[in-house]
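Have a look at the structure below, then the notes.
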Amino acid sequence: MTLTTDAAGLRTVALQELSAICTLAEAITWERTYLGPKGEVTRLLRGLGELPADQRPDAGRAAQELRSDLQQRYSHLRAELTAAKLQTSLATDTVDVTLPGRQPNIGVDHPVSAMIEELSEIFALMGFQTVFGPEVETGHYNFDLLNIPSDHPARDVWDTIFIESDEAEILLRTHTSPMQARVMEATTPPVRVIVPGRTYRYEAQDASHEWMFHQLEGLAVDETITMADLKGVLREVGRQLFGPDRKVRFRCDYFPFVEPGVDFAVDCAICDGVGCRVCKQTGWLEMGGAGMVHPNVLRGVGYDPERYTGFAFGLGIERMIMMKYGVNDVRAFAVNDLRFLSQFARPML
Ligand code: 2NL
């Protein structure tokens, strides 16, 4: 068998195989088998040197022709298969650009944050600034300036969480009033602020008691502030929060930092004051306490009680949410269970 026949035989086999190829992968394998460095055509070309000299020119020409012919056919087929593959993916891997996108889960405010935000907006419209203060306080700001003497039961270790210290009396604030005392010390009236934030009590926990909860206290001091301002502001808050038809009730109460003192309640929006589970059949929901700032408190921060008067109030944030949405266990706020928290999702503004 001469090398020319060898070239012809190789062509027949190679072309036969080539005609059966349907995929790019098959084409690449074919190219390696015949045209690659260890391929059949390459082997044929290398064998030329061993032929008798008179046969070399013809055999060489035949082998070169075979190589360039196969190379041409290969690149042609390869281009065809590449184009076909693109056509297939264009037809099947379609993207419908008119479909709505997937909604990313961006989360929602914690109900406590949302309630603080809602109250801040209500008070801002009445001229109150929102300020925040330290959670670690001194007995001076948390008690002394608020007219709570050293023998007052609220100062008892059973109510206050103290921080060990050799110097001053350091504690976790039991209300946000100390920050209001700080604001008064630093400002000349008129003063109109609210202070929302965490407060702490050494307390056994149950459905209505937590050792940490959020309070919002407010304060207005000026030359002509009266009880009528207190009632007007808190009545407006009750209605903004629970609806324009609500009634707000004031009754006498005692707090050492005010005189006179009151508690205030809104008639239950769930039963319209008739009595239900949420208002415990009373028809009223207790919102918090308030009163005219005690002259001792005004004097303590350097204000002249003959010239200035003020009102102050305090309410519990978790309590307010529980009343508004009918939550029956305050402990739910600290658990971070998404089944609870996601119920308070508000549409984004
Ligand atoms: C309640 C009662 C109250 C105040 C807080 C206050 C603050 C200053 C001066 C005078 Cl700086 N008073 N705050 C007054 C009355 C009641 O809170 O039941 N809170 C949840």
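When you look at ALA83, is it more than 30 Å from ARG198 (Cα to Cα) and not charged (D, E, K, R), yes or no? Considered against the rule, which asks whether it is more than 30 Å from ARG198 (Cα to Cα) and not charged (D, E, K, R), ALA83 comes out as yes. Scanning the stretch 143-155 for residues that are of a type in the set (D, E, K, R), out of contact with any Phe, Trp or Tyr (no Cβ under 9 Å at 6 or more places or on another chain) and over 19 Å from LEU298 (Cβ atoms) gives a single hit, ASP151. Summed over the stretch 119-150, residues that are more than 16 Å from the ligand (Cβ to nearest atom) and either hydrophobic (A, V, I, L, M, F, W, C) or at pLDDT below 95 (or both) total 6. Among the residues of the stretch 89-115, the ones that are assigned to a helix (DSSP H, G or I), open to solvent by less than 100 Å² (accessible area, probe 1.4 Å) and at pLDDT below 90 come to 3 in all. When restricted to residues that are open to solvent by 10 Å² or more (accessible area, probe 1.4 Å) and within 10 Å of the ligand (Cβ to nearest atom), the stretch 194-213 contains 1.
Determine whether GLY36 is without any contact (Cβ under 8 Å) to a residue 60 or more places away in the chain, in a loop (DSSP other than H, G, I, E, B), open to solvent by less than 70 Å² (accessible area, probe 1.4 Å) and within 18 Å of VAL13 (Cβ to Cβ). When the stated conditions are applied, GLY36 passes them. The residues in the stretch 295-322 that are open to solvent by 10 Å² or more (accessible area, probe 1.4 Å), more than 15 Å from PRO256 (Cα to Cα) and among the hydrophobic types (A, V, I, L, M, F, W, C) can be counted, and the count is 2. Exactly one residue out of GLY289, GLY283 is more than 21 Å from LEU216 (Cβ to Cβ) and touching a strand residue (DSSP E or B) at 6+ places or on another chain (Cβ under 8 Å): that is GLY283. Against the definition (in contact (Cβ under 8 Å) with a residue 40 or more places away in the chain, farther than 30 Å from THR88 by Cα and surrounded by 11 or more Cβ atoms within 10 Å (Cβ to Cβ)), how does LEU48 come out, yes or no? Considered against the rule, which asks whether it is in contact (Cβ under 8 Å) with a residue 40 or more places away in the chain, farther than 30 Å from THR88 by Cα and surrounded by 11 or more Cβ atoms within 10 Å (Cβ to Cβ), LEU48 comes out as yes. Within the stretch 151-185, the residues that satisfy the criterion of being among the β-branched types (Val, Ile, Thr), within 16 Å of the ligand (Cβ to nearest atom) and out of contact with any helix residue (DSSP H, G or I) (no Cβ under 9 Å at 6 or more places or on another chain) are THR176, VAL183.
The values are calculated or read from the model by the stated rules, or taken from the named source; none is laboratory data. Just so it is clear, the model here is predicted, and its values are computed rather than measured. Ideal geometry is used to build each Cβ from the backbone, glycine not excepted, and the neighbour counts take in all protein chains shown. To get the accessible areas, we keep the full protein, side chains included, count just its heavy atoms, and leave off ligands, DNA and RNA. Shrake-Rupley method; radii C 1.70, N 1.55, O 1.52, S 1.80 Å.
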